[in-house]
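Participant: Handing you a structure now.
Just so it is clear, none of the values below were taken in a lab; they were calculated from the coordinates. Just so you know, these numbers come straight off a predicted model, no measurement behind them. Backbone-built Cβ (ideal geometry, glycine too); neighbour counts: all protein chains shown.
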């Protein structure tokens with residue numbers, strides 16, 4: 001699995017009692033395929049899990065050549081990939097990122113997505129195309145949840161049958177791009193000079209690296225008391241890396257809330273640095 005990764009994935013692996021091999025992922029272009037291949041040569045890897053387009057938490061988009069390389073490794077080492085494609089519709093340009101599955105001619109990629117990031121999280125509707133693993137996926141679906149409520153699926157299908165979805169996506173991505181611009185300006189204005197923030201070309205997340213003396217978990221504990229929620233980077237790694245990182249979500253924040261949050265986080269960072 002890539003590192004950093006979405007912390008919910010780590011929780012799922014823990015419940016399933018599975019072991020994770022942590023492969024570094026650049027905030028610019030994603031997982032290091034050379035290290036990934038070395039891990040496949042060294043360990044009895046059973047599968048790979050990636051979020052390669054506007055990744056959570058860092059927001060990177062894996063380049064096409066790298067996606068092709070990953071698809072090739074799946075074939076060579078006879079393993080599946082779970083591809084989390086949940087953010088791909090939220091790009092700030094019209095060019096939707098290609099999926100790794102589009103380079104998979106052998107059915108080894110299980111492509112998963114949902115409307116929870118694009119339309120409404122409360123609908124809880126998602127889907128997968130499981131390739132050669134379809135029958136097993138159907139069996140697991142049947143024994144775990146049997147079926148899903150059809151009325152919400154029919155409502156979603158009706159919505160998707162119109163052009164309203166495309167208009168909605170254009171609207172929200174324009175809004176996210178403006179909010180990201182405001183957030184990056186506030187980070188530059190209020191946070192210490194050594195702070196580095198990613199600038200993803202889609203989604204609504206920002207991965208922020210602070211100085212080494214900042215503890216993200218302590219920062220979270222203090223920020224929540226001020227009504228500010230952030231994600232400490234340490235929980236995005238199975239080995240507790242990214243201690244001085246935080247993830248910011250600006251999806252529903254107003255410009256005033258963004259400025260207030262960055263001012264407050266700056267004060268909390270300053271207090272930590274003095275300890």
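Participant: Would you compute, from DSSP H runs of 4+ residues alone, the mean residue ellipticity of the chain at 222 nm, taking -39500 (n - 2.57) per run and dividing by the full residue count, rounded to the nearest 500?
Facilitator: -13500 deg cm²/dmol
Participant: Take the alpha carbon atoms of the range 1-73, find their center, do the same for the range 120-143, and report the distance between the two centers in whole angstrom.
Facilitator: The two parts, judged by their Cα centres, are 21 Å apart.
Participant: Shape of the range 93-217 from its Cα gyration tensor (a ≥ b ≥ c, root eigenvalues): rounded if a/c is under 1.5, otherwise prolate when a/b > b/c, or oblate?
Facilitator: Cα axes put the range 93-217 in the prolate bin.
Participant: On a 0 to 90° scale, report how tilted helix 164-190 is relative to the longest principal axis of the chain, with both axes built from alpha carbons and the result rounded to the nearest 10.
Facilitator: 30 degrees
Participant: Could you compute the FRET efficiency for residue 166 and residue 123, with r as their C-beta to C-beta distance and R0 at 25 Å, rounded to 0.05?
Facilitator: 0.90
Participant: Once P(r) over Cα pairs in 5 Å bins from 0, in percent is worked out from the coordinates, which option in (1) 1, 6, 11, 15, 17, 15, 11, 5, 3, 3, 3, 3, 2, 1, 1, 1, 0, 0; (2) 1, 5, 9, 14, 14, 12, 10, 8, 7, 5, 4, 3, 3, 2, 1, 1, 1, 0, 0; (3) 1, 5, 11, 15, 17, 16, 14, 10, 6, 3, 1, 0 does it equal?
Facilitator: Recomputing P(r) over Cα pairs in 5 Å bins from 0, in percent here picks out (3).
Participant: Have a look at the DSSP beta bridges in the range 2-160 and tell me what percent are antiparallel, nearest 5.
Facilitator: If I count the DSSP bridges inside the range 2-160, around 45 percent turn out antiparallel.
Participant: Something else about it: What's the FRET efficiency of residue 218 with residue 26 using the Cβ-Cβ distance as r and R₀ = 41 Å, to the nearest 0.05?
Facilitator: 0.95
Participant: Build a GNM of the chain with springs between Cα atoms under 10 Å: which of 170, 138, 189 gets the top mean-square fluctuation?
Facilitator: Per the Cα network of the chain with a 10 Å cutoff, 138 tops the list.
Participant: For the residues 263, 19, what sequence is obtained by ranking on other C-beta atoms within 10 Å, fewest first?
Facilitator: Neighbour counts put them in this order, fewest first: 19, 263.
Participant: For the pair residue 93 and residue 152, how long in nm is the line joining their label points, each one 7 Å along Cα→Cβ?
Facilitator: Using points 7 Å along Cα→Cβ, the separation is 3.5 nm.
Participant: Would you please put 84-93, 245-254 in order of how densely packed they are, using the mean number of other Cβ atoms within 10 angstrom per residue and starting with the highest?
Facilitator: The densest-packed peptide leads the list: 84-93, 245-254.
Participant: Using 1/(1 + (r/R0)^6) with R0 = 25 angstrom and r between the beta carbons of residue 14 and residue 39, what's the FRET efficiency to the nearest 0.05?
Facilitator: 0.80
Participant: Helix 150-160 against the longest principal axis of the chain: what's the angle in degrees, Cα atoms only, rounded to the nearest 10?
Facilitator: In the chain, helix 150-160 runs at an angle near 80 degrees to the longest axis.
Participant: Counting other beta carbons within 10 Å of each residue's own, what order do 151, 181 fall into, fewest first?
Facilitator: Least crowded to most crowded, the residues run 151, 181.
Participant: Now a separate question. When 172, 109 are ordered from fewest to most other Cβ atoms inside 10 Å of their Cβ, what list results?
Facilitator: 172, 109
Participant: Restricting to bridges with both residues inside the chain, how much of the DSSP beta-bridge set is antiparallel, in percent to the nearest 5?
Facilitator: Expressed as a percentage, antiparallel bridges in the chain total about 65.
Participant: Does anyone have the angle between helix 134-145 and the longest principal axis of the chain? Alpha-carbon axes, 0 to 90°, nearest 10?
Facilitator: Rounded to the nearest ten degrees, it is 60.
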